[in-house]
Amino acid sequence: MSLEILRFIIGTIVLMIGLLTFALEVFGTYRYEFVLNRMHAAALGDTLGIGISLTGLIIFSGLNFTSLKMLLVIVFLWFASPVSSHLISRLEVMTDETLPEHCELDYLKEEEREEA
């Protein structure tokens with residue numbers, strides 16, 4: 001078995017795992033009813049799915065300048081996606097007035113301690 005065939009098989013397997021991660025993300029996004037749970041499933045699925053899929057493409061590409069670019073995209077997305085998801089969820093916490101009915105909020109506990 002040549003190295004090229006082995007690289008193709010491994011790259012295909014890794015790429016399929018990435019696509020499976022995206023499929024599970026979509027399922028998780030539609031399964032949960034509360035918006036913060038949906039965002040959590042989407043953020044984890046995006047970060048992990050893109051990382052695994054791009055790793056499969058790096059394996060397909062081999063060691064060249066294009067793989068370095070894809071590696072830099074993975075690094076950027078691993079930092080940017082959680083930060084953007086966190087900011088969006090903070091906005092949801094600050095603007096949703098019915099949120100305390102659905103979950104416990106730490107900042108409400110801190111305000112109650114300060115008042116006592």
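Just a few scattered comments:
- Any chance G56 is touching a helix residue (DSSP H, G or I) at 6+ places or on another chain (Cβ under 9 Å), at positive phi and in contact (Cβ under 8 Å) with a residue 40 or more places away in the chain: no
- Pairing residues of region 21-45 that are under 18 Å from E92 (Cα atoms) and without any contact (Cβ under 8 Å) to a residue 12 or more places away in the chain with residues that are charged (D, E, K, R) and surrounded by 15 or more Cβ atoms within 10 Å (Cβ to Cβ), at Cβ distances under 6 Å and at least 6 apart in sequence or on separate chains, gives Y32/R38.
- Scanning region 69-108 for residues that are at pLDDT below 75 and surrounded by 10 or more Cβ atoms within 10 Å (Cβ to Cβ) yields a count of 6.
- Single residue of region 25-68 satisfying the filter (charged (D, E, K, R) and surrounded by 13 or more Cβ atoms within 10 Å (Cβ to Cβ)) that is modelled with the lowest pLDDT: R38
- Sub-9 Å Cβ pairs linking a first residue in region 1-16 that is part of a helix (DSSP H, G or I) to a second residue that is of a type in the set (S, T, N, Q), at least 6 apart or interchain, are G11/T55; G11/S61; V14/S53; V14/T55; L15/S53; L15/T55, ordered by first then second residue.
The values are calculated or read from the model by the stated rules, or taken from the named source; none is laboratory data. This is a predicted model, so every value here is computed, not measured. FYI the Cβ positions are ideal-geometry reconstructions off the backbone, even for glycines, and counts take in every protein chain you see.
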